[in-house]
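Participant: Sharing a structure with you now.
The values are calculated or read from the model by the stated rules, or taken from the named source; none is laboratory data. Computed from a prediction, not measured in an experiment: that's the story for all the values here. Note that each Cβ is placed from the backbone with ideal geometry, even for glycine, and that neighbours are counted across all protein chains shown.
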Amino acid sequence: MTTATDFTETELIVCAAAKMLATSNTVFAGIGLPTLAVDLAHRTLNPGIQLIYESGVSGAHPESMAEGIADSVVVSGAEAVSNMHSLFGYVLQGGNVDVGFLGAAQIDRFGSLNTTVIGDWDQPNVRLPGSGGAADIMANAGEVFVILRRHDPAALAGEIDFVTSASPARAAEQSDFIQPRGFGVSTVITPLGILERHDRLGELELTHVHPGVTSEQVQEATGWDLAVSGDLATTGQPTAEEVRLLRDEIDTVRLYLR
């Protein structure tokens, strides 16, 4: 495949994320960059991937890009449509989701997510949408992928401002918490590289840097003492075909591509 010579930062991280989905079966995807990554994986490396939406749709086959979980395109051609209670109760909590794919405002070293508030609770700098289905996805999906548009100490924070979706490690700190069934965050894709967590109660470590990025740059941009894998690799650049698909067939209106 021909390597693309012109691609954006967003296209780079979406292509890297799509490659991480090469062997996944069922993916519970949030709207935005996760949707782009799943669609690209379906068109390239994993044509059998099954897409699940929070609105109650399983096995979605949208003819165009979904602009929200209630977009009519996610229903047309879907293999099953149920109410949200059934989807969360039977599909997600039933252990039938391989990967939950989420975005976040902040993440900590153990993979806890903040999608609620930046700053002080009573006088926040930013009030965010909150959990949605993310807390349930964190607790019940086989593993969770997170995609971030930023990589700096505020986004990858030593201490996040609010724990919306607790990692298994965070849950283990609380004597009255029930340990979730899922692994929690296993993979984080950022503009600088890919972080992975191999131990259910362990920390994220840097396993891939993007082309032209050094491990030292990633460590300096992270809010904790980030471990680096002894087998540190470099992600591949997007191919010309991947970029064409993203621009000309998937996000033709540039809703998420920037």
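Participant: Collect the residues in region 30-43 that are at negative phi and in contact with a Gly (Cβ under 8 Å, 6 or more places away or on another chain), keeping them in residue-number order.
Facilitator: Result: Gly30, Ile31, Leu33, Pro34.
Participant: Can you pull out the residues in region 71-108 that are farther than 28 Å from Val163 by Cα and not hydrophobic (A, V, I, L, M, F, W, C)?
Facilitator: Residues satisfying the conditions are Asp71, Ser72, Ser76, Gly77, Glu79, Ser82.
Participant: In addition: In this structure, is Leu201 surrounded by fewer than 17 Cβ atoms within 10 Å (Cβ to Cβ) and touching a residue at least 40 places away in the same chain (Cβ under 8 Å)?
Facilitator: yes
Participant: Since Asp231 meets every condition but one in (1) at pLDDT 95 or above; (2) surrounded by 15 or more Cβ atoms within 10 Å (Cβ to Cβ); (3) of a type outside the set (Phe, Trp, Tyr), which condition does it not meet?
Facilitator: (2)
Participant: I'd like to verify a number: residues in region 118-157 that are touching a residue at least 40 places away in the same chain (Cβ under 8 Å) and either within 28 Å of Gly56 (Cβ to Cβ) or assigned to a helix (DSSP H, G or I) (or both), how many?
Facilitator: 17
Participant: Sticking with this one: Could you tell me whether region 204-216 includes any residue that is touching a Lys or Arg at 6+ places or on another chain (Cβ under 9 Å) and either surrounded by fewer than 21 Cβ atoms within 10 Å (Cβ to Cβ) or within 21 Å of Ile118 (Cβ to Cβ) (or both)?
Facilitator: Scanning region 204-216 turns up at least one residue that is touching a Lys or Arg at 6+ places or on another chain (Cβ under 9 Å) and either surrounded by fewer than 21 Cβ atoms within 10 Å (Cβ to Cβ) or within 21 Å of Ile118 (Cβ to Cβ) (or both).
Participant: Look at region 9-57 and say how many of its residues are under 16 Å from Gly77 (Cβ atoms) and either touching a residue at least 12 places away in the same chain (Cβ under 8 Å) or outside any loop (DSSP other than H, G, I, E, B) (or both).
Facilitator: Counting residues in region 9-57 that are under 16 Å from Gly77 (Cβ atoms) and either touching a residue at least 12 places away in the same chain (Cβ under 8 Å) or outside any loop (DSSP other than H, G, I, E, B) (or both) gives 14.
Participant: While we're on this one: Looking at the structure I just gave you, is Ser76 surrounded by fewer than 16 Cβ atoms within 10 Å (Cβ to Cβ), out of contact with any Gly (no Cβ under 9 Å at 6 or more places or on another chain) and closer than 30 Å to Arg127 by Cβ?
Facilitator: Here the answer is no, as Ser76 does not meet what is asked.
Condition check ((1) touching a Phe, Trp or Tyr at 6+ places or on another chain (Cβ under 9 Å); (2) within 12 Å of Leu113 (Cα to Cα); (3) at pLDDT 90 or above) across all residues:
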| residue | (1), (2), (3) |
| --- | --- |
| Ile137 | yes, yes, yes |
| Val144 | yes, yes, yes |
| Ile160 | no, yes, yes |
| Val163 | no, yes, yes |
| Ser175 | no, no, no |
| Ile178 | no, no, no |
| Gly184 | yes, yes, yes |
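Participant: Within region 11-58, take every residue that is β-branched (Val, Ile, Thr) and at pLDDT below 90 and give me the one that is nearest to Pro238 (Cα to Cα).
Facilitator: Initially, region 11-58 is screened for residues β-branched (Val, Ile, Thr), giving 13-14, 23, 26-27, 31, 35, 38, 44, 49, 52, 57.
Next cut, at pLDDT below 90 only: 31, 35, 57.
Details: Ile31: 22, Thr35: 17, Val57: 30 Å.
This residue is Thr35.
Participant: Let me ask another. Cβ contacts < 9 Å: first residue surrounded by 12 or more Cβ atoms within 10 Å (Cβ to Cβ), restricted to region 171-187; second residue aromatic (Phe, Trp, Tyr), any location; separation 6+ or different chain. Result?
Facilitator: Ala171/Phe177; Gly184/Phe110; Val185/Phe110; Val185/Phe145; Ser186/Phe145; Thr187/Phe145
Participant: Oh, and also: Within region 13-50, which residues are surrounded by fewer than 21 Cβ atoms within 10 Å (Cβ to Cβ), closer than 18 Å to Ile194 by Cα and of a type in the set (A, V, I, L, M, F, W, C)?
Facilitator: Correct list: Ala22 only.
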